[in-house]
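To start, the structure itself, in structure tokens.
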Amino acid sequence: MGINMRRLLRVLHVILTCIISFLIFYYVTSNFLDFHFQGLYVIEPLLYLLILFGQTLIFYGSSYLLLNPSHRIPTFVLRLLWVIYFLVMILLLFFRVYHDNNINLNILELFNFETTNLSQTILNLILFIPIGYWLKHLKISSVLLLSLLLITSIELLQFVSHRGIFDVVDILINTIGIMIGYIIFKTVHIKLH
């Protein structure tokens, strides 16, 4: 296959990935975001743009691996995904609408299985799984302690800055998410940087 043909196929791959990603974002992802992240009006355009771009990179990387099983995802794609992930997390955690100072110390809220609460709990769990990747070189006891400290610090910052409530359920769920990520990346030896 000639060089020009490879370039053409690469361009078509990028264009097709962008179109598919946009359609999925428009019909699925944006509805999901609207449902779960209401009240982020100030940062909504930036958040949506970052998530669309990140989703497109994920689709590109995945399809790249499917088309070229012997290759690795390009390093620039992985680094860009990490930057987008951390930007999205900062926006979601610290740029919400102003909240009254509230504290939830009721651990039984974890067992509130209303649809909205359950999907929010699952989303919190999933959003913190990637952090486990960066802790995979530590002992499990250190990861648990660091996770608890990190999540408790985030909850305190949200409480003090009026960007969320101090919630023990969030501390538990987010810590479990990090621990799941740690176990996955410790056992499955995936290089994502």
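The values are calculated or read from the model by the stated rules, or taken from the named source; none is laboratory data. Predicted model only: the values in this text are computed from it and were never measured. Note that each Cβ is placed from the backbone with ideal geometry, even for glycine, and that neighbours are counted across all protein chains shown. Heavy atoms of the whole protein, side chains included, go into the accessibility calculation; ligands, DNA and RNA do not. Shrake-Rupley method; radii C 1.70, N 1.55, O 1.52, S 1.80 Å.
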Unit-weight point scatterers at every alpha-carbon of the chain, Debye formula, q = 0.08, 0.11, 0.13, 0.19 1/Å: log10 I(q)/I(0) is -0.33, -0.60, -0.82, -1.45
Residue 119 and residue 44 label points (each 7 Å along its Cα→Cβ direction) are spaced in nm at 1.7 nm
In deg cm²/dmol, rounded to the nearest 500, the helical mean residue ellipticity at 222 nm of the chain, built from -39500 (n - 2.57) for every DSSP H run of length 4 or more, is -23000 deg cm²/dmol
Between the Cα axis of helix 75-94 and the main Cα principal axis of the chain, the angle (0 to 90°, nearest 10) is 30 degrees
Ordering 42, 14 by the accessible surface of their heavy atoms, 1.4 Å probe, largest first, yields 42, 14
Nearest 10, in degrees from 0 to 90: the angle of helix 3-24 to the longest Cα principal axis of the chain is 30 degrees
The farthest towards the positive end of the charge dipole of the chain, of the residues 164, 78, 147, given +1 on Cβ of Lys and Arg and -1 on Cβ of Asp and Glu, is 78
Which of 33, 108, 91 fluctuates most in a GNM of the chain (C-alpha springs under 10 Å)? That residue is 108
Rounded to the nearest 10, the angle in degrees between the Cα long axis of helix 115-128 and the longest principal axis of the Cα atoms of the chain comes to 60 degrees
Rounded to the nearest 10 Å², the 1.4 Å probe accessible area of residue 182 is 10 Å²
